[in-house]
Structures are given as C-alpha cells and as structure tokens.
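*Asks:* One structure is given below, represented as structure tokens, and several questions about it will come after.
Taken together, the values in this text are just the output of simple stated rules run on the coordinates, not laboratory data. Just so you know, these numbers come straight off a predicted model, no measurement behind them. Here the Cβ positions follow ideal geometry from the backbone for every residue, glycine too, while neighbour counts run over all protein chains shown.
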Amino acid sequence: MPTTLTPPRAPETPILGSFVPFAQDPPRFLHQLAQNHPTADLIHFTFLGINNYLILNPDLVREVLVNRASEFPKSQRDYGILSKFLGDGLVTAEGEQHRRQRKLAQPAFHHKRIAAYGDTMVDYAADMVAEWQAGETRDIAHEMYQLTLYIVAKTLFDADKSRMVEVADKVGQAIHVLQEVTNHDFRRPIQWPQWLPTADNRARQGAKGVLDETIHTIVDERRQQETADKGDLLSMLLLARDDDGKGMDDTELRDQLVTIFVAGHETTSNALSWTWYLLSQNPTAEAKLHAELDEVLDGRLPTLADLPNLPYTQMVIKEGMRLYPPAWTLTGRTATATTTLGNYTIRQGADLMVAPYVLHRNPTIFPEPERFDPERFTAEREKELPRYAYIPFGAGPRVCIGNSFAMMEAQLIIATVAQRFRLRLAADQRVEMNAQITLSPLDGLRMVVEERARNSQRQPHLTAELAY
C-alpha cells in the first residue's frame, strides 16, 4: 500500500484558523502558501474548524475537476453565497440539474453560432475607439467593462440600440451591486440570514428586484412574439428542448440569462484590462503585437476569418490570463466521503480549492512566472504544458461554456484597438488587484491614449456607427 503523506499546514490562530489573512488578500495569501512550500502537492489550512486544501499539483486538479468530479461537488458555503445572486444557473447547479442545463444551453454556444457575433464585437469596439482622442486619459477598465457589457446585451437580447443601452446599463448597475454584496459574503466568516435587514441584504434585494424585473420583461415580450430564431442567445435558450421535449421555465431562463450576462462580460473585460496593462509594461511584446496586426490587417478592421492569422494576438491574451486569470479561484469543492487524493487522506466534509492564480505561477511549469512572455503559448510550447496546469476557463464537465465566445471577443477587440492606439499607464495610477468573484484592477486603470504610427501608410476605416 502507498504511504499516506501529511501535507504542509498553514500558520493558524485558534477558532478562525487562516480566515483573517485569507480574507484580507485572498490571492496573495494563497500564492504565499505555494511559495512557502514549492514542492507541495497540496497545502492544508482551516476556516472556523473546517479543513481546507489548496491543490497545487495539476494531476490532482484533474482528479478533482475531471476524473472524480462527482465525488467533489461544489461546496455548500460557496453555493449558498453565489445562488443568492445567480440562482441555479450553470455556475451553481449540480448533478442532473447541471447536466440538463448544459445540454439545453450548449447549442447557443456552438462555434458556428458564435461566429455570427464577430461583426457585432468589431463594430462596437470600433465605435468605442472612434470616441477616443490622442493624448487623453481614460479609465480603460471602465471602457472594457462598458464595451463588453454592450456586446453581451446585443448578442443576448438582439435589442435595438436605444433599448440595448437601457437594458445593459440597468442590468450592469444591478450586477455591480450584487457583486459587491457577494464579495462581502465571501469575506465574512458567518453568513447572515437574508431576512435580516442588514445594509447588504437590503442592497441585494433592491438590485435583484431591478434585475429580475428587467429580464422577466424581456422574456415575456419575446414569448408573446412568434417563436422564431432571431439570431441571439435568448432565442436559442427559448427554443431549446430536453429529451422529454421540455424547455426552460421562467426561473431557469432568468438564472441562465443572469449567469451569461455576468460571465459574458465581467471575465472578458477584466482579461482585456489586465492585458492592456501588461502590454504597457512590456514594449517588446507590444511591438510584436503591432507588427502582426500591421502585417495581417494593414489598417482594416479585423474579421473572424483573420483570427487564425493572428497567433501572437491570441498568445498575448493567453499570457495575460495566465498572470491575471479573471476566474482567479474556482468555486470550492467538498469531499462527500473520506477518500484518498494522490497519497493524501482527505476527510469527509473537507473543502478543496483550485486557484488558477496560484497554479499559473508555478515556477517549475512557468519559469520566471512573474514575467510577461506571450511566447509561452506558441503552439509547440503550449503542447508541452502539463494538462490542467493552465485553466483560465476551468476544466472538466464544468469548463466555461462560453470560452470560445470570450477568446474570439478578446482577440477582435485587441486587434481593433491596437491598430490605432497604444495605451500608457497614467503616471499616478496605482495598480492593485481586487479579488472579488473575478479579478479586477482595484482603482480602475487610468491610461493615456497615444496614436501610433503603423508600418503601412494605409489608414483604418473605423466607423463611428453601430451596425444593426
């Protein structure tokens, strides 16, 4: 029989365990644990007497997320917090409910389906760029947030311009409030019941009311229309049927739409924001990006057909998500029974944590892990990476359903913006991480817009109009 090993343990205080340092700065706390134990497969720590394990070995990540996923469902604590916000959508649902939902939603994210959204993404990015002036300072985190918000509203609901902006702004504001409250819940060792009239509970109920009313109004209007595929994601969700011929009810639709709305813009906007920051700090990589765009596009707007010819653009985005993965930690998993993981005994009820932010900084897999090096993701080098060492979209049966949508969107936006402008970090901008549900810049990302000279003399035609 294999020898049972004892994992290293984090320093702790009585009762609270490691909760206080974790709550103060979760990514740095977890990263410091990994740095303190560079050869560990996993590290043991506790919150209020509950055993937790940070998984560092990609082989064990595969066991938890893929091979034995049914033995390690999402933790009840994390589910309880997220479900107040997202309901029982794809992120929170478990077991048969999750399998049914994923099967119903999958056709909406087929590559042929999402390919039709490429023009919308470019048009919206071009409209944004047309408003920029060389020499001005803009909060790029806000610009990316608003851009991806409008794109997901258009692709989700296919609303006309005025309705789309109204819906996006209203839903976006409600989601922002819910994210803030949800983050407070994650940092709080004890959860208050929702009926208690705390400031957070009142804010949650108000924001949920706005969100639910807006989405139910749109769904009701669409149901009253002729059942037809309008080309948006809502159409596909309304038309989807399971093996018994049953579609989604209004609650299921609400939960899926909110989940898609959040995942469809929050993660991509943060990935883009961090990528612009990293490019501004790495002129060699930035110059290679510009050279590729000039050679392939020569000043014209990108199309979906151009993406295979823009490998360095994709490498830049992948490396940005290595250093600053928007989903910096995945929802915790709980051991349903006492079991063995690798050579370690995991007790029933223990929570297991998989943190891409930490995995992606493993120096044995990514030498000089803090260095921004897009060429880590050349086709040859990416094939050499251990499976599950790089998981910006998760892994296994719960891998992000919209990963192709997100990568296409990020590439097209980078290509559209970087043809015309380079972005320089404002001199007084402090860059710190804000680890909530996603990983964002704490105080925004104020950057100076600089028009750049291209290798070609041709000028891009960047329309200021949105195409509908």
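*Asks:* Just need the Rg to Rh number for the range 194-312, please, alpha carbons only, Kirkwood Rh.
*Replies:* 1.14
*Asks:* Additional query: How big is the range 28-126 in terms of Cα radius of gyration and Dmax, in angstroms?
*Replies:* Rg then Dmax for the range 28-126, in Å: 18.8, 53.
*Asks:* At a 10 Å Cβ-Cβ cut-off, how would you order HIS265, HIS98, fewest neighbours first?
*Replies:* Ranked by crowding around the Cβ, least crowded first: HIS98, HIS265.
*Asks:* Quick check: pseudo-label points 7 Å beyond the Cα along Cα→Cβ at ASP25 and ALA134, how many nm apart are they?
*Replies:* For ASP25 paired with ALA134, the spin-label model returns 3.9 nm.
*Asks:* Right, another one. At 0.36 nm per residue, minus the direct Cα-Cα distance, what do GLU213 and THR4 gain on full extension? Give it in nm, one decimal, please.
*Replies:* Answer, rounded to one decimal: 69.8 nm.
*Asks:* What list do you get for SER70, SER440 if you sort them by fewest beta carbons within 10 Å?
*Replies:* Ranked by crowding around the Cβ, least crowded first: SER70, SER440.
*Asks:* Which residues in the range 93-108 place their backbone N less than 12 Å from a point set 7 Å from the Cα of LYS246 along the Cα-to-Cβ direction?
*Replies:* 97, 100-101
*Asks:* Suppose R0 equals 22 Å. What FRET efficiency, 1/(1 + (r/R0)^6) with r the Cβ-Cβ distance, do ASP229 and THR303 give to the nearest 0.05?
*Replies:* Working from the Cβ atoms, E equals 0.45.
*Asks:* At 7 Å along Cα-to-Cβ for each site, give me the label-to-label distance between ILE50 and LYS103 in nm.
*Replies:* 3.1
*Asks:* Next question. Please compute the modelled spin-label separation between THR378 and GLN205, points set 7 Å along Cα→Cβ, answer in nm with one decimal.
*Replies:* 6.0
*Asks:* Under 18 Å Cα-Cα from LYS112, which aspartates and glutamates qualify once same-chain neighbours fewer than 8 residues away are excluded?
*Replies:* Within reach: ASP158, ASP229, ASP232, ASP306, GLU409.
*Asks:* Which value does Rg/Rh take for the range 323-386 over its C-alpha atoms, Rh per Kirkwood?
*Replies:* Using only Cα positions, Rg/Rh for the range 323-386 is 1.10.
*Asks:* As an exercise, identify the GluC sites (Glu not before Pro) in the range 298-401 lying in DSSP coil whose Cβ has no more than 16 other Cβ atoms within 10 Å.
*Replies:* Taking the range 298-401 and a limit of 16 other Cβ atoms within 10 Å, the loop GluC sites (Glu not before Pro) found are GLU370.
*Asks:* Students often get this wrong, so check it: of LYS154/LYS318; LYS84/LYS154; LYS84/LYS383; LYS74/LYS208; LYS154/LYS246; LYS208/LYS230, which have C-alpha atoms separated by over 30 Å?
*Replies:* Cα-Cα > 30 Å for LYS84/LYS383; rest within.
*Asks:* Multiply the residue separation of THR13 and THR198 by 0.36 nm, subtract the distance between their alpha-carbon atoms, and state the gained length in nm to one decimal.
*Replies:* Difference between extended and current length: 63.8 nm.
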